[in-house]
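Presented below is the structure to which this report refers.
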Amino acid sequence: MIKFLIFNIKKKWRRIPLLILLAVLMVFIFTQIGEIFHYPVNSDVDLHKLEGYGENSYLYKKKTDSEIKKELKNNIEKTISDNTNDADTLSRLKELLEDIDNYDLDELIEKSKRDNVAYTYLINNIQEIKMEYQSYNAINKELLSNTKNKGYQVEFQKNYITYIQAIIAFLLIVFIIIIFEEDDRYNIRESMKITSNNYLKFFITELCTVLVPIIIFTYTLGVCLNVYSYFKFYVADYDIEYLPMTTKYCLYFIPSLICFTSVLILIISRTKNYMSIMPLYLVWIIFNITPRATKLPMIFESLIVLRRLDTNILNEDNIIIRQVFIVVISIIILILSYNERKEKVL
């Protein structure tokens with residue numbers, strides 16, 4: 001069986017469409033985890049790239065309202081002393097300067113809404129004050145402090161496992177169709193009938209032909225990127241600890257992969273015109289990726305098998321029990337698929 005599995009994988013995964021899809025998967029992942037190439041921060045390029053990715057958690061100095069008000073007061077005084085504005089604008093800025101000592105920051109913003117000039121000036125200045133960059137070293141040390149010396153590995157693993165779940169859910173459509181529906185090209189079914197009457201082995205081989213290469217590819221890529229992130233901090237002489245990703249990968253990615261695979265196999269096994277059913281599968285995937293956007297009742301949360309680690313939009317209580325339940329349901333679906341396919345093939 002192992003030899004046949006290796007033969008099957010070699011034959012199927014050398015096909016151009018599958019290789020192209022693996023390349024698409026890799027490109028997608030690299031476009032989604034670009035932050036990994038800019039931590040630790042060593043230059044202004046890193047700062048601006050992270051800012052462009054929306055990764056602002058550690059870039060800016062944390063300032064209290066009193067510190068913001070102090071800087072704001074200095075800026076207004078400087079603007080007034082420059083005397084480059086018209087008399088009306090200067091009058092409004094002087095009034096704003098007086099209000100700074102009498103109101104807290106939120107009250108000051110609310111009061112200034114009555115005057116477009118003062119409000120615009122106030123908002124722009126506050127934004128500039130809040131967006132003052134920390135030093136490179138301060139950014140990196142704050143990241144390490146908040147992750148217990150794990151660096152960017154924590155955020156990377158959350159993003160990576162979330163994104164591979166999402167993209168694989170779509171790519172599986174092509175993987176399943178090619179591997180389960182195009183065996184005749186290599187006469188694999190016929191050779192199985194000749195060598196064995198046990199269709200169960202053949203079914204498991206087909207299933208593993210889908211799952212094994214995907215697991216090897218995504219796990220290896222994830223580990224390599226995780227090690228890369230670790231060594232970037234290590235080489236930069238920061239106190240960094242390695243964070244293995246195997247537990248998260250097995251807990252979150254494997255159950256969703258098995259579930260999506262089992263559902264697709266059932267679809268193509270029970271329905272001749274299975275492409276007409278695929279839109280329903282795609283709707284289900286989209287619902288898994290953006291459950292809150294669909295605004296469906298919380299009862300539909302039971303349909304979600306893709307666990308988003310980049311956001312905490314789902315209740316993570318009893319996650320192990322839930323993931324095991326997903327695997328059990330997937331096995332039941334696979335048994336149904338096996339029975340359907342056995343009747344058709346043998």
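Each reported figure results from applying straightforward, stated rules to the coordinates on display, with no laboratory input. Here the structure is a predicted model, which means the values were calculated and not measured. Cβ sites come from the backbone with ideal geometry, for glycine too, and all protein chains shown count toward neighbours.
Data overview
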read-out: Contact order normalised by residue count of the chain, Cα under 8 Å, 6+ apart, percent; value: 21 percent
read-out: For the chain, the longest site-free run once trypsin sites (Lys or Arg not before Pro) in DSSP loop states with at most 15 other Cβ atoms within 10 Å are removed; value: 149-271
read-out: Other-chain or far-sequence residues with amide H under 5 Å of TYR60's (modelled H); value: GLN134
read-out: Cα centroid of the stretch 65-129 to Cα centroid of the stretch 20-39, whole Å; value: 44 Å
read-out: Fewest-first ranking of VAL45, VAL305, using other Cβ atoms within 10 Å as the exposure measure; value: VAL45, VAL305
read-out: Backbone HN-Hα couplings from phi across the stretch 217-233 [Karplus 6.51/-1.76/1.60, Hz, Gly and Pro as x]; value: 5, 5, 5, 4, 4, x, 5, 4, 5, 5, 5, 4, 4, 4, 5, 4, 6
read-out: Estimated [θ] at 222 nm from DSSP helical runs (n ≥ 4, -39500 (n - 2.57)) normalised by residues in the chain, nearest 500; value: -22500 deg cm²/dmol
read-out: Förster-model FRET efficiency, 35 Å R0, LYS70 and ALA236, C-beta, rounded to 0.05; value: 0.55
read-out: The stretch 6-149, relative contact order in percent, only Cα pairs under 8 angstrom and at least six apart counted; value: 29 percent
read-out: Residue-count net charge about SER135 - beta-carbon cut-off 14 Å; Lys, Arg +1, Asp, Glu -1; value: -1
read-out: The stretch 65-131: relative contact order in percent, alpha carbon pairs under 8 Å with at least 6 residues between; value: 41 percent
read-out: Rg to Rh quotient for the stretch 65-131, alpha carbon positions, Kirkwood Rh; value: 0.92
